[in-house]
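Reviewing the structure listed below.
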Amino acid sequence: MLNLEQAAEYMGLAVGEFLELLDGGIGPAHYKIGKVYRFKQADLDRFMEAHRVEESSQNLRTAIGMLATPLDSLREPATEQVEAPPPGPRPTVVLPGDPQPVDGRNPSCTVS
C-alpha cells in the first residue's frame, strides 16, 4: 500500500494536484481512514490506463496544422453575396399614415 505522497509521486503529480483529483471525486480508488489515505498500486495503474489517450499521427498533424492556420481561413465562406447600394441619394420610404415628404424630407421632422 502507498501513502498519499507516494501515490502522487507514482502518478507524476504534485500532492496538491493529486488531492484535487480525490476531492473532485475523479481520482483513483483508495482507502481513507480519518485523514489518512492509502492506495493500491494496481488501482493507480487502472486509473492511469482508464485515462489513457491515444493520438494518431494524423490527428496530431491536423491539430498542429489548425494551430498554425489563421482563424479567418477556418471560417466558412459567405453563401450569398450582398451588393453595396449604388452611390447617390437614398430613396425615401413613406409608410402609411406618415406625412408625405416634401423634397425628400419629412415636414414633421425638424433639425435645429
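The values are calculated or read from the model by the stated rules, or taken from the named source; none is laboratory data. Keep in mind the model is a prediction, meaning the values are calculated, not measured. Don't worry about glycine lacking a Cβ; one is built from the backbone with ideal geometry, like all the others, and counts go over all protein chains shown.
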| remark: Of the residues in the stretch 19-32, those that are surrounded by 13 or more Cβ atoms within 10 Å (Cβ to Cβ) and closer than 16 Å to ALA50 by Cα number 5
| query | In the stretch 1-38, what count of residues is obtained for those that are in contact with a His (Cβ under 8 Å, 6 or more places away or on another chain) and in a strand (DSSP E or B)? | reply | 2
| field | Subset of the stretch 1-18 (residues that are more than 14 Å from HIS51 (Cα to Cα), free of Cβ contacts under 8 Å to residues at least 40 places away in the same chain, among the aliphatic types (A, V, I, L, M) and surrounded by 15 or more Cβ atoms within 10 Å (Cβ to Cβ)) | value | LEU4, ALA7, ALA8, LEU13
| Top-ranked residue in the stretch 36-80 [being loosely packed, with under 10 Cβ neighbours inside 10 Å and either of a type in the set (Ser, Thr, Tyr) or modelled with pLDDT of 90 or more (or both); ranked as nearest to the chain's Cα centre (by Cα)] | SER73
